[in-house]
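Below is one structure, written out as structure tokens; comments come after it.
The values are calculated or read from the model by the stated rules, or taken from the named source; none is laboratory data. This one's a predicted model, so the numbers in the text were calculated from it and none came from an experiment. Because the Cβ atoms are built from the backbone with ideal geometry, glycine has one as well, and the counts that use them run over all protein chains shown. SASA here: full protein model, heavy atoms, side chains in, ligands and nucleic acids out. Shrake-Rupley method; radii C 1.70, N 1.55, O 1.52, S 1.80 Å.
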Amino acid sequence: MDFDLTDEQQAFRDTVRQWCQREVNREYVRECDREHRPPTELFKAIAEQGWLGINIPAAYGGLGAGATEAALLLQELGRVFLDLSFWVFRELCWGGFSIGAYGTEEQKQRFLPRVASGDWSVCFALTEPASGSDAASIKTTAKADGDDYVINGQKVFTSGFKISDYVLVATKTSQSENRHAGFSLFLVDTKSEGLTGTPLETLGHWPLGTALLYLDNVRVPRENLLGPLDEGWPLLGAGLTYERLSLSAARTGAAQAALADALEYAKTRQQFGRPIGKFQAVSHQLAEMQVMVELSELLVRQYTWKFENGRNTVRDAAILKLYTCEAYKSVSDMGLQVLGGYGYTMEYDLQRHFRESRLGVIGAGTSEIQRNIIAKSLGL
Ligand SMILES: Cc1cc2nc3c(=O)[nH]c(=O)nc-3n(C[C@H](O)[C@H](O)[C@H](O)COP(=O)(O)OP(=O)(O)OC[C@H]3O[C@@H](n4cnc5c(N)ncnc54)[C@H](O)[C@@H]3O)c2cc1C
């Protein structure tokens, strides 16, 4: 789909697609998945292309492109290797976007060139054991002490912690009646004393992994406070919105890959003397999958257009995230069915899509929470 892209954007998309075809080997992806190994070599190669700085201004070592290019990059990467796309998304979202929009001049100069070059990876810790969907109820505190803040608390599901140099930690720096007040975000060095991460065993997201964090009197210099003290809630909202765009783009690419595998199988697998795709029951599944994939892509493009024109809303991001992530889940499920018993084996990639797609409707705000946001916008 390219009716809405400029010639430059189409050329960029084609360049990334060709790079992916050349550099990302299916067997390597399976190996990283099986061995729970981060794709460090590919991440470095992406950094060399300059793509980690796609949304970072040229003055800070980036390419200074827009949300459309960022989404195209994540979609193409998601098509070949979802966890690789997720690694890049974290740098674009919690690095380029968040530090670019809310950082001080000193922070921009210190962090952005290093994010763009791939030297510093940034992950994000908001969720706590007792605060998931109800993010405003977090308990982790940061208290001023001399030139530092001292952080205490526990975080869960901090993804990509094992490959990150900094973790953007959401804390409470004051308490008040207003439950959205008193939030502050800190860029915490992952090697800080008192900060430990324990890997969690999960259904997927294996190459990057996710972790339980303990923050026990972790000292963070004042200059690592991102955004205004006590007023970090809007920053969190903006970051989560950018996250929903990024994840939707990545999963749209992954859904395209799941569909392509199922289609190929339906054309070649013979039963009852004909390709199974000739059975209407199977072909209709593939037709449904095609519709979901195309609508996902359209929604991503609509959202990036709104974003670039300053017209995106939290509701738009909820619609985008809800549809694209539910679509990836359905496409993976239907695709696995098309492969029959082989879809259930580790020999084919549909099982990976099936596992990975479950996270889409949970992480970054569950589908139920997205529906709540949409319903609220309807005055309900
Ligand atoms: C693999 C993985 C990676 C993740 N990565 C990160 C990360 O990097 N950083 C980070 O901060 N977090 C991360 N998360 C956390 C994720 O965002 C939360 O899991 C998610 O927001 C849901 O919170 P919860 O798991 O505590 O579920 P809960 O909030 O306890 O919800 C449980 C169920 O109740 C439903 N529910 C809750 N409240 C409502 C309501 N008001 N209306 C209707 N239904 C409701 C939910 O939809 C869900 O079905 C990750 C999670 C996973 C599984």
**Request:** Please work out if A125 is at pLDDT 95 or above, within 10 Å of the ligand (Cβ to nearest atom), open to solvent by less than 10 Å² (accessible area, probe 1.4 Å) and of a type in the set (A, V, I, L, M).
**Result:** yes
**Asked** Could you count how many residues in region 362-372 are buried (at least 19 other Cβ atoms within 10 Å of the Cβ) and either assigned to a helix (DSSP H, G or I) or more than 6 Å from the ligand (Cβ to nearest atom) (or both)?
**Response** 1
**Asked** Is there any pair with a first residue in region 1-17 that is in a helix (DSSP H, G or I) and a second that is hydrophobic (A, V, I, L, M, F, W, C) and surrounded by 12 or more Cβ atoms within 10 Å (Cβ to Cβ) whose Cβ atoms are under 6 Å apart and which are 6 or more apart or on different chains, and what are they?
**Response** R13/L72; V16/L73
**Prompt:** What residue, of G103, G118, G96, is more than 11 Å from the ligand (Cβ to nearest atom), touching a residue at least 12 places away in the same chain (Cβ under 8 Å) and on the phi > 0 side of the Ramachandran plot?
**Reply:** G118
**Complete:** By my count, helices (runs of 4 or more DSSP H) wholly in region 78-156 with at least 3 residues that are of a type in the set (G, A, S) are 98-102
**Prompt:** When you look at T158, is it at pLDDT 95 or above, touching a Ser or Thr at 6+ places or on another chain (Cβ under 8 Å) and more than 10 Å from the ligand (Cβ to nearest atom), yes or no?
**Reply:** no
**Request:** Quick one: which residue in G227, G194, G237 is away from the ligand (no atom under 12 Å from the Cβ), surrounded by 20 or more Cβ atoms within 10 Å (Cβ to Cβ) and over 19 Å from S121 (Cβ atoms)?
**Result:** G227
**Prompt:** Looking at L350, is it touching a Phe, Trp or Tyr at 6+ places or on another chain (Cβ under 7 Å) and either of a type in the set (D, E) or away from the ligand (no atom under 16 Å from the Cβ) (or both)?
**Reply:** no
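Return the residues of region 164-173 that are away from the ligand (no atom under 12 Å from the Cβ) and either open to solvent by 40 Å² or more (accessible area, probe 1.4 Å) or not in a strand (DSSP E or B) (or both); say none if nothing qualifies.
Result: D165, T173.
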**Residues that are of a type in the set (S, T, N, Q) and under 26 Å from the mean Cα position of the chain (by Cα), drawn from region 144-185** = Q154, T158, S159, S164, T171, S184
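Here is a yes/no grid of residues against (1) open to solvent by 30 Å² or more (accessible area, probe 1.4 Å); (2) outside any strand (DSSP E or B):
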residue	(1), (2)
T198	yes, no
A211	no, no
V218	no, no
E223	yes, yes
T241	no, yes
**Fill in**
Picking from T141, T158, the residue that is polar (S, T, N, Q) and open to solvent by less than 20 Å² (accessible area, probe 1.4 Å) would be T158
**Item:** Residues located in region 86-122, provided they are open to solvent by less than 10 Å² (accessible area, probe 1.4 Å), among the polar types (S, T, N, Q) and closer than 25 Å to V29 by Cα
**Value:** S121
**Contacts under 9 angstrom Cβ, first residue in region 360-380 being free of Cβ contacts under 8 Å to residues at least 12 places away in the same chain, partner open to solvent by less than 20 Å² (accessible area, probe 1.4 Å), 6 or more apart** = I362/C325; N372/A318
**Request:** State yes or no: is A317 open to solvent by less than 20 Å² (accessible area, probe 1.4 Å) and either among the hydrophobic types (A, V, I, L, M, F, W, C) or assigned to a helix (DSSP H, G or I) (or both)?
**Result:** yes
**Message:** Take the conditions open to solvent by 60 Å² or more (accessible area, probe 1.4 Å) and within 16 Å of the ligand (Cβ to nearest atom) and apply them to A130. Does it pass?
**Reply:** yes
**Message:** Looking for something of a type in the set (G, A, S), within 19 Å of L235 (Cβ to Cβ), in contact with a Leu (Cβ under 6 Å, 6 or more places away or on another chain) and outside any loop (DSSP other than H, G, I, E, B) - is there at least one such residue anywhere in region 174-191?
**Reply:** yes
**Prompt:** From the set of residues in region 331-361 that are among the β-branched types (V, I, T) and in a helix (DSSP H, G or I), which is surrounded by the fewest Cβ atoms within 10 Å (Cβ to Cβ)?
**Reply:** V338
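Among the residues in region 63-77, are any in contact with a Cys (Cβ under 7 Å, 6 or more places away or on another chain) and either open to solvent by 40 Å² or more (accessible area, probe 1.4 Å) or away from the ligand (no atom under 15 Å from the Cβ) (or both)?
Yes: one or more hits.
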**Prompt:** How do the pairs read when you match residues in region 155-179 that are free of Cβ contacts under 8 Å to residues at least 40 places away in the same chain with residues anywhere that are part of a loop (DSSP other than H, G, I, E, B) and more than 15 Å from the ligand (Cβ to nearest atom), using Cβ under 8 Å and keeping only pairs 6 or more apart or on different chains?
**Reply:** K172/G182; Q175/G182; S176/G182
